[in-house]
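Notes follow the structure.
The values are calculated or read from the model by the stated rules, or taken from the named source; none is laboratory data. Keep in mind that this is a model prediction, so the values were computed, not measured. So basically every Cβ, Gly included, is an ideal-geometry build from the backbone, and we count neighbours across all protein chains shown. Heavy atoms of the whole protein, side chains included, go into the accessibility calculation; ligands, DNA and RNA do not. Shrake-Rupley method; radii C 1.70, N 1.55, O 1.52, S 1.80 Å.
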Amino acid sequence: MLEIQNLHATVGDKPILKGINLSVKGGEVHAIMGPNGAGKSTLGNVLAGREGYNVTDGSVSYQGKDLFELEADERARDGLFLGFQYPVELPGVNGMTFLRMATNAVREHRGEEALDGMDFLKLLKGKIADLDMDDALLKRSVNVGFSGGEKKRNEIIQMAVLDPHLMILDETDSGLDIDALKLVSAGINLMRGPEKAIVLVTHYQRLLDYVKPDFVHVLRDGQIVDSGGPELAQKLEKEGYAAYGADEAA
Amino acid sequence: MNAETPLFAEQFEAARPALPDGNASWRQLAFDRFAALGLPSQQREAWRYTSLAALRGELTGQALDSAALAETVAAQKIDGALHLVFVAGQFVPELSSALEGIDGLSIGNLADSLDDTTVDQIVLAGGENPDEALVALNGALVSDGVVVEVAEGASITQPIQLIYLGNPTGLVNIRNIVRMQPGSRATLVETALDANAAVLNVVNQVTVAAEARLDHLRVMDDGAGANHIAQTRLTLAEKSHYEGFALLAGGAIARYEVQAVIEGEQAHCGLAGIGLGTGKDVRDVITHVDHAVPNCTSDQTFKNVMDDHASSVFQGKVTVRQDAQHTDAIQSNQNMLLARTATANAKPELVIFADDVKCAHGATVGELDADQLFYLQARGLNEQTARQLLIEGFIADVFEAIGDEALRNHLRGLASTWLHGDGWGDHA
């Protein structure tokens, strides 16, 4: 699904990613953990195609294609989903309208028919029921005035409706109380499947109590310095990142 | 005497025979006043951004074949409204609704309603201020318009829609006189379109009596080369309510001017508008809300989106006279520039003589937000669609000023259509 080789990237002139290698196959859940400033969010943004993040070396192939040949919107239509650490507020843009447009952009790209208002609503109601959420958020402007938890729930609703193949979830657990964390985790678990891959980018281990990863990687100073199974996350939770030379106290 | 007057005098004499009441002395009075004032130059602050160069061209035009325009008109008619269609400045009954039989509504085209009261109102409009010269010119050359009177206590549920189109090259002068009697209600919609290379000079005189309410919408969707200058003179009596909304979308120049005088207590004046421009379009909004008495409110919300070399202007003035205590006046002008070459001019002006008032104004100029764009693109929307969605989002709240849902959707649809047109939003 995703092959990252020797990926180097800068933000402005500053090198952030310094040779990342990672292979993610369908059906797998990977967790990328690391201290603040290790480059976790940069990795997500580079993969999603955000402007201002410059790839200086290495390659990334996604479903056999060179990812960097695709614009951000093409990547999204090809099934790559970035769950934002800080979902952006869109004043005046109705949540329902936005999500229907996005859904139809993806569907048309897949050669499926665009959904009219009624059919989209049907799809949406089904997904919302699966998630045990409600559609009140979608009746408002996207993310405007939402609490941190509501913004993350909205990301999960979008993910469920857009039905992507590769999900990169950037600090999706941050700012959630325990109930919201359970709800969001359940939403992520629903997306697991043999044709799906999930990359959880997180600082803390607690999300991993609810979404069990197959692999855990430690990102430190722009490189993956350790990889292992779920037990690695538990070790990090106890010992922190000090063993990897990080001096952070968070 | 202004240097340009001889030209206009010639045109005036040539135009008179075809005008209703053409040889009447009141037209000469109006013309003389115009001649004394002269065309306002761009040295004047109120006319700094609107060039009247188009007026120096040929002022008389050819009437167009109204039958050919029937289809265009049909597309613009608001369902359920009372329609009055003006082609090249002349009322066309065949394209319009029947005007009789609505309880409490007296309505007719101006050319057929020129009684002494109406003539007085036409001639007396506009002061001795050079900024008002086009009101005087309109008085001299007015060809038609509407005279509306809504009877005391009457509530007219059907919107009254005036459609102006097919204006030929030249100058077209329309005058509308609206008298809202005490406790009455009505909605007036003006739709201007398809007026290439013309100067459309519209003057509205509106009086809203005690406890009456008028909702007044203007759609300025003229053809690419058109110059549309609209001036509304408004007086508000006690506990009356006026809600104005203007969409300045078409034409090379779209200028929307409102001068409101609040003369009765507990009255409200709401003005809102959206300017959309590309190419070298000018969207010029000039307002003056004069709070003459205590305990009144006014609210002004204008947003502009300018692309390419277009420029927007908002000169919004609020006067609070010494007696007008407990005035609550707010004013906001927000601008989005889609290209480095586009311009926004915001000039709020508060003149306050009373000491116990709430007056606020704010102006902002910004551009499309890169984070918002990326968020939409990261969900699969292409850049063009993402930009349009954000622009529509930016102006979305202004439409809330339109109380009637069907009309609100109609106006929203027109703005959306315009924003999806060719060449829009490509100049980043």
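For a Förster distance of 56 Å, can you work out the FRET efficiency between the beta-carbons of B:Leu114 and A:Ala136, rounded to the nearest 0.05?
Rounded to the nearest 0.05, the efficiency is 0.45.
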Using amide H atoms built 1.01 Å from N in the peptide plane, name the residues 5+ places from A:Lys196, or on other chains, whose amide H lies under 5 Å from its own.
A:Gly27
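Taking all protein chains in place and a 1.4 Å probe, what share, in percent, of the accessible surface of the protein assembly as shown do carbon and sulfur account for?
Of all accessible area on the protein assembly as shown, carbon and sulfur atoms account for 48 percent.
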Treating the angle as unsigned and between 0 and 90°, give the value, to the nearest 10°, between the Cα long axis of helix A:117-131 and the longest Cα principal axis of chain A.
50
Averaged over the residues of A:83-95, the number of partner chain Cβ atoms within 10 Å of each residue's own Cβ comes to 5
Suppose the chain between B:Ala360 and B:Ser51 were pulled fully straight at 0.36 nm per residue; how much longer would it get relative to their current alpha carbon spacing?
108.2 nm
Say each of A:Val144 and B:Ser106 gets a label point 7 Å from the Cα, pointing the same way as Cα to Cβ; how far apart are those two points in nm?
4.5
Can you pull the three principal axis extents for the Cα set of region B:189-289, in Å, largest first?
44, 18, 17
Return one number: the angle in degrees, 0 to 90 and rounded to the nearest 10, between the long axis of the Cα atoms of helix A:178-190 and the longest principal axis of the Cα atoms of chain A.
80
Accessible-area loss of at least 50 Å² (1.4 Å probe, chain alone to full protein assembly) applies in region A:97-142 to A:Phe98, A:Met101
Residues whose built amide H sits under 5 Å from the amide H of B:Gly89, excluding neighbours closer than 5 in sequence, are B:Leu165
Other protein chain Cβ atoms within 10 Å, averaged over every residue that makes up B:396-403
1
Return the calculated 222 nm mean residue ellipticity for chain B, to the nearest 500 deg cm²/dmol, obtained by summing -39500 (n - 2.57) across DSSP H runs with n ≥ 4 and dividing by the residue count.
-6500 deg cm²/dmol
What are the ³J(HN,Hα) values, in whole Hz, obtained from phi via the Karplus relation 6.51 cos²θ - 1.76 cosθ + 1.60 with θ = phi - 60°, for each residue of region A:8-22 in sequence order, with x given for Gly and Pro?
10, 8, 10, 10, x, 9, 8, x, 10, 9, 10, x, 8, 10, 7
Between the helical axis of A:148-162 and the dominant principal axis of chain A, each derived from Cα atoms, what acute angle in degrees is found, rounded to the nearest 10?
70
Please give the total accessible area that chains A and B bury against each other, computed with a 1.4 Å probe and expressed in Å² to the nearest 100.
1800
To check you understand DSSP bridge types, tell me what percent of the beta bridges within chain A (both residues inside) are antiparallel, rounded to 5.
55
Multiplying the sequence separation of A:Lys122 and A:Ser61 by 0.36 nm and subtracting their Cα-Cα distance, what value in nm do you get?
18.5 nm
For region B:272-407, what is the accessible area per residue in Å², given a 1.4 Å probe and the full set of protein chains?
37
Convex hull over the alpha-carbon atoms of the protein assembly as shown: what's its volume per residue in Å³?
186
Segment B:Asp371-B:Glu405, extension gain: residue separation times 0.36 nm, minus the distance between their alpha carbons:
9.0 nm
Net charge of Cβ neighbours under 15 Å - reference B:Gln377; Lys, Arg +1; Asp, Glu -1:
-3
Taking max minus min of the Cα coordinates of region B:327-428 on each principal axis, largest first, gives extents in Å of 54, 35, 24
Just want the answer: with Cβ charges of +1 for Lys and Arg and -1 for Asp and Glu, which residue in B:Leu337, B:Leu84, B:Phe399 is farthest toward the dipole's positive end in the protein assembly as shown?
B:Leu337
Residue mean of other protein chain beta carbons inside 10 Å, A:74-80:
3
When Lys and Arg each count +1 and Asp and Glu each count -1, what net charge do the other residues less than 13 Å away from B:Asn204, Cβ to Cβ, add up to?
+2
Using the Karplus curve 6.51 cos²θ - 1.76 cosθ + 1.60 with θ = phi - 60°, what ³J(HN,Hα) values do you get for each residue of region B:179-184, in whole Hz, with x for Gly and Pro?
10, 9, 6, x, x, 8
Shape call, chain B: gyration tensor on alpha carbons, a/c limit 1.5:
rounded
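With the other protein chains left in place, how much accessible area per residue, in square angstrom, belongs to region B:5-264 at a 1.4 angstrom probe?
About 35 Å² of surface per residue is accessible.
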1.4 Å probe, heavy atoms, protein only - residues of region B:353-390 losing at least 40 Å² accessible area vs chain alone:
B:Asp371, B:Gln372, B:Phe374, B:Tyr375, B:Gln377, B:Ala378, B:Arg379, B:Gly380, B:Leu381, B:Leu389
Whole-Å distance linking the alpha carbon centroid of region A:13-61 with that of region B:191-246 is 56
Kindly list the residues of region A:104-148 that lie in the label zone of A:Asp177, defined by a backbone N under 19 Å from the point 7 Å along the Cα-to-C-beta vector.
A:132-134, A:136-137, A:145-148
Label-to-label distance, nm, for residues given as A:Arg206 and B:Asp32 (7 Å Cα→Cβ offset)
8.6
